[in-house]
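Below: the structure, in structure tokens.
Bear in mind that the values in this text are calculations on the coordinates, not laboratory data. Because the structure is predicted, anything quoted here is derived from the model rather than measured. When we count neighbours, we look across all protein chains shown, and the Cβ atoms used for this are built from the backbone with ideal geometry, even at glycine.
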Amino acid sequence: MTFTPPVALSDEEIAAVRSWVIHEDAHVVAFNKPAGLSSQGGRIKAHTLDDLLWAFARSNGKRPDLVHRLDRDTSGVILAAKTKPAAGFLGKALQMRRFRKTYLALVSAAPDPRGGTIDAPLARQEIGRESYMRVVAFDAPGAQGSQSRYRTLVASEDGAVVELEPLTGRMHQLRVHMAHIGRPLVGDVRYGGALTIAGRAAPRLMLHAAKLSFPHSEGGTITVEAPAPDDFAGLRLAMGLP
């Protein structure tokens, strides 16, 4: 009996998701997710990356499962497990904070100081149908301990490229932490980022998941890197940030 996936994908969608693969072995597959694509769920009536993973379904009906998520407008490395044992192993590794995620972001001015650790608890807040995170006191109701590292890679009169590393995994963590130190990410409508910079409109939230290091279920550590997409690289150049 031939297995029929529950999601009907076009040939173009199948070709697209296969073109985003940046690492694949018998246990995992990593993608360079484009901006504008939801990882899972979402209210937009369009296929998510989770739906597109049916392109990799095996004849027994099994397909890869996402190990973590990226915001819809964030581009870059995202990982899926191809087997149940790999999913269990990676889920535990994520809980134990054994994933190391490195992001690149554009801000409208270099942070001061140019590098450091942001230790600011976050709590979720519902406003209408939208969920936000905000910085709260450590003993506030719903407070979750949250830490991020940042360092300025290059700066110009128009802004800076910062490298960000979330030490915890809260929703919108990097975006809220950078806004908290007065450097919201370019294009971040939700948390007060500049919408025009260097005479150009920001095409989206300027956040890119550039690198992911994670323990492999067969032993050792795998590091996967994703080149920044054209919209990010183009705005970076326009800002005079080689």
- With +1 on each Lys and Arg Cβ and -1 on each Asp and Glu Cβ, how big is the dipole of the chain about its Cα centre, in debye rounded to the nearest 20? 540 debye
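Show that you can apply the helix-only estimate: for the chain, add -39,500 (n - 2.57) for every DSSP H stretch of four or more residues, divide by all residues, and state [θ] at 222 nm to the nearest 500. Spell out each step's value before the answer.
Numbers: 5 runs with 42 residues, N = 242.
About -5000 deg cm²/dmol.
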- Item | Relative contact order (%) - the range 1-74, alpha-carbon pairs under 8 angstrom, separation at least six | 34 percent
- What share of all Cα pairs of the chain, in percent, falls into each consecutive 5 Å distance bin? 1, 6, 13, 17, 18, 16, 14, 9, 4, 2, 1, 0, 0
- Shape of the range 1-96, Cα gyration tensor, a/c cut at 1.5: oblate
- For the chain, with +1 on Lys and Arg beta carbons and -1 on Asp and Glu, the positive-most of Gly220, Ala140, Met239 along the dipole: Ala140
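Over all pairs of distinct alpha carbons, what does the Kirkwood formula give as the hydrodynamic radius of the range 115-204, in Å?
On the way: mean 1/r = 0.0716 Å⁻¹.
One over the average 1/r among Cα pairs gives 14.0 Å for the range 115-204.
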- Query: Ala16 to Lys92: extension gain in nm, 0.36 nm per residue of separation minus the Cα-Cα distance?
  - Reply: 24.4 nm
